[in-house]
1. Give the residues of region B:67-108 that are of a type in the set (D, E, K, R) and assigned to a helix (DSSP H, G or I), sorted by residue number.
2. So if I check each of B:Gln210, B:Gln231, which one is touching a Gly at 6+ places or on another chain (Cβ under 9 Å) and not β-branched (Val, Ile, Thr)?
3. Determine which single condition B:Pro48 fails, assuming it passes every other condition in (1) surrounded by 21 or more Cβ atoms within 10 Å (Cβ to Cβ); (2) farther than 23 Å from A:Arg68 by Cβ.
4. Looking at A:Leu58, A:Leu103, can you tell me which residue is within 11 Å of chain B (Cβ to nearest Cβ) and either surrounded by 15 or more Cβ atoms within 10 Å (Cβ to Cβ) or at pLDDT 95 or above (or both)?
5. Assuming A:Tyr149 fulfils every condition listed in (1) away from chain B (no Cβ under 14 Å); (2) in contact with a Lys or Arg (Cβ under 7 Å, 6 or more places away or on another chain); (3) at pLDDT 80 or above; (4) surrounded by 14 or more Cβ atoms within 10 Å (Cβ to Cβ) apart from one, which condition is it?
6. Quick check on A:Ala138: is it within 14 Å of chain B (Cβ to nearest Cβ), surrounded by 17 or more Cβ atoms within 10 Å (Cβ to Cβ) and either under 30 Å from B:Gly218 (Cα atoms) or without any contact (Cβ under 8 Å) to a residue 40 or more places away in the chain (or both)?
7. Only one of these is touching a helix residue (DSSP H, G or I) at 6+ places or on another chain (Cβ under 8 Å), within 15 Å of B:Leu150 (Cβ to Cβ), outside any loop (DSSP other than H, G, I, E, B) and not β-branched (Val, Ile, Thr): B:Arg233, B:Arg166. Name it.
Amino acid sequence: MNTSSPASNGDFFDPSKPVVRRSMAFSALGALIGLAIAGYGLFTAKGTQSHAVPPEDLALVNNRPILRSDFMTQVQTQFTVPFAQSTPAQRRRVLEDMLAEELQVQRGLEIDLPSFDPDVRTAMVAGVELEISADVLAQQPTDQQLRDYYAAHRTKYVSQGQLRLRDLVAKSGGAARTPEQATSDAQQAVAALRAAAPVEQVMQRYHLVDSGALLDAGHVDTGEVFEFAAKAKLGAEVYAAAATLQGGQVSDPIPQSDGVHVVDMVEHRMPVQEDYAVAANAVWTDFKNDAQTQVRDAEVRYLRSRADILLSSDARALEVLSP
Amino acid sequence: MDTIGRLRPVRRRRSLVFGLVAIGIVLCALGYWLQRRASEARMVRLWPVQLAHDPAMLSFAVSLARPVYASHCARCHGADLNGKRSIGAPNLADSVWLYGDGGIGDIETTILYGIRSGHPKAHNVTDMPAEGRTEQLSRAEVDDVVEFVLALSRQPHDDAASVRGRGLFYDKGNCFDCHARDALGNTDYGTPSLVGPGWLYGGDRQTLRQTIYNGRHGLCPAWIDQLTPAQIRALAAFLYVVSQPASRLAAR
């Protein structure tokens with residue numbers, strides 16, 4: 001038995017005998033197959049530089065594709081003819097336009113246009129928001145979902161109340177009365193008004209003036225203002241006192257920085273709870289807006305979680321980034 | 001020694017045959033794969049109108065598309081392509097198309113970018129407004145428009161209400177704006193014909209009332225990032241083929 005005898009040509013295909021040439025041949029074959037697979041992957045993977053235009057593309061501009069389908073749509077849109085009936089000249093024109101557009105977009109990114117052009121930034125933000133909220137926009141809520149939402153947010157669906165009132169003030173400070181005098185005048189004015197004395201007469205007698213807060217609000221003929229407008233113009237404390245008054249009632253004196261206020265409510269139509277049938281349209285809009293806001297906030301939280309944000313010490317003090 | 005010596009040539013021949021068979025199988029598989037890739041590339045490169053007139057390539061596209069349709073589209077449009085009215089998924093086997101003229105290019109665009117999919121290039125000109133819920137029309141007016149649509153589609157209807165509905169269609173409801181003056185729809189907007197029978201959600205009285213009162217917002221996803229260009233082109237060709245009246249296809 002001679003295991004170390006040199007292999008002959010006939011032993012190449014005999015697996016029981018070690019043959020150097022066979023080992024080398026298989027190694028070379030394996031290397032070639034490996035290289036072929038690697039080369040194929042390298043030159044066809046998405047994002048790799050390629051000198052061949054993929055079949056679905058009409059052109060590559062710095063490796064960015066111009067899709068055939070986009071090209072066809074553009075031809076049809078630009079010349080309002082079916083693509084099959086478009087002329088070579090029309091197609092050439094569209095291709096040149098698309099190439100120019102792609103080059104300009106790439107130039108915009110190259111010079112980092114989004115970093116300084118507010119219009120580009122706005123467009124990008126709007127585009128991203130639209131993309132992340134696409135599912136929400138597309139979703140059609142069921143009637144039950146809307147009713148549940150309405151039940152959970154009933155306080156939002158209240159009709160706007162309307163007010164007609166006089167906001168009188170006993171001014172104090174400076175050359176005018178002391179705060180104590182103003183309070184005393186206001187108390188007497190309140191008593192007189194509650195005793196149904198005419199407003200003008202009370203104002204004259206106790207030196208009260210109209211605060212002027214509502215002079216530019218409300219209907220010019222009736223003096224009515226919506227609740228939200230009254231709240232904005234009267235200030236929180238005066239409005240809080242007014243909100244509880246019915247028509248014909250007079251508030252207690254309300255001390256403010258400019259003097260002591262007295263609210264004489266002429267007429268007050270209170271806010272009314274709207275039932276679902278009336279509020280349905282607003283419920284639908286609010287439901288969609290809330291869902292959109294939730295998706296947007298979740299996306300921003302996710303982006304923050306993966307972003308590397310460094311804050312200066314004074315920015316940290318602002319605590320703009322909630323955990 | 002003699003026995004072993006006799007066996008050696010047999011084993012050698014067997015190894016050779018097995019090796020050649022294995023190499024042959026690998027080469028055949030590689031050839032098939034390359035040929036298929038080349039066919040896919042050719043199918044994608046062809047302009048849609050050229051593909052529509054190439055029976056061999058259409059046949060190849062159909063064979064490629066069937067499994068893709070089954071795994072991605074059948075859930076909404078049904079394995080039989082007849083659509084699903086409960087979700088407004090249209091019948092793909094008839095020759096009625098919401099967008100474009102039903103050519104391969106138009107179908108391909110819809111598959112690529114979808115309908116109200118959120119993709120910036122999606123079909124998204126408009127959707128069916130909630131005429132009742134937004135109080136554009138009162139409940140009674142919605143009912144009148146329903147009767148008019150029933151009349152248009154030659155279904156039993158109330159004549160007087162239909163006449164009132166006709167007025168609303170062209171005036172307060174602004175229906176004609178999207179569905180066209182002849183009520184045959186508009187393939188630029190994707191608005192359906194109202195003369196039936198190709199209803200998206202159904203053409204009965206109750207469904208029409210629901211549609212007009214609450215509006216509709218049908219959608220189709222964008223497949224551009226989920227399917228390969230060849231699969232999308234093949235699907236477009238497949239849907240083009242199955243939606244063609246048999247006579248036209250046979251003539252071709």
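The values are calculated or read from the model by the stated rules, or taken from the named source; none is laboratory data. Because the structure is a prediction, the values reported are computed rather than measured. Positions of Cβ are generated from backbone atoms using ideal geometry, with glycine treated the same way; all protein chains shown enter the neighbour counts.
1. Within region B:67-108, B:Arg75, B:Arg85, B:Asp106, B:Glu108 qualify.
2. When all the criteria are applied, what remains is B:Gln210.
3. (2)
4. Values: A:Leu103 fails: within 11 Å of chain B (Cβ to nearest Cβ).
A:Leu58 is the lone residue from the list that is within 11 Å of chain B (Cβ to nearest Cβ) and either surrounded by 15 or more Cβ atoms within 10 Å (Cβ to Cβ) or at pLDDT 95 or above (or both).
5. Among (1) away from chain B (no Cβ under 14 Å); (2) in contact with a Lys or Arg (Cβ under 7 Å, 6 or more places away or on another chain); (3) at pLDDT 80 or above; (4) surrounded by 14 or more Cβ atoms within 10 Å (Cβ to Cβ), A:Tyr149 violates only (2).
6. On the way: within 14 Å of chain B (Cβ to nearest Cβ): yes; surrounded by 17 or more Cβ atoms within 10 Å (Cβ to Cβ): yes; either under 30 Å from B:Gly218 (Cα atoms) or without any contact (Cβ under 8 Å) to a residue 40 or more places away in the chain (or both): yes.
Against the criterion (within 14 Å of chain B (Cβ to nearest Cβ), surrounded by 17 or more Cβ atoms within 10 Å (Cβ to Cβ) and either under 30 Å from B:Gly218 (Cα atoms) or without any contact (Cβ under 8 Å) to a residue 40 or more places away in the chain (or both)), A:Ala138 qualifies.
7. Numbers: B:Arg233 fails: within 15 Å of B:Leu150 (Cβ to Cβ).
None of the others qualify; the one that does is B:Arg166.
Per-residue answers, yes or no, for (1) free of Cβ contacts under 8 Å to residues at least 60 places away in the same chain; (2) within 14 Å of chain A (Cβ to nearest Cβ); (3) within 29 Å of A:Pro82 (Cα to Cα); (4) of a type in the set (Asp, Glu):
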{"site": "B:Arg14", "(1), (2), (3), (4)": "yes, yes, no, no"}
{"site": "B:Ala22", "(1), (2), (3), (4)": "yes, yes, no, no"}
{"site": "B:Leu27", "(1), (2), (3), (4)": "yes, yes, no, no"}
{"site": "B:Leu30", "(1), (2), (3), (4)": "yes, yes, no, no"}
{"site": "B:Arg36", "(1), (2), (3), (4)": "yes, yes, no, no"}
{"site": "B:Glu40", "(1), (2), (3), (4)": "no, yes, yes, yes"}
{"site": "B:Leu51", "(1), (2), (3), (4)": "no, yes, yes, no"}
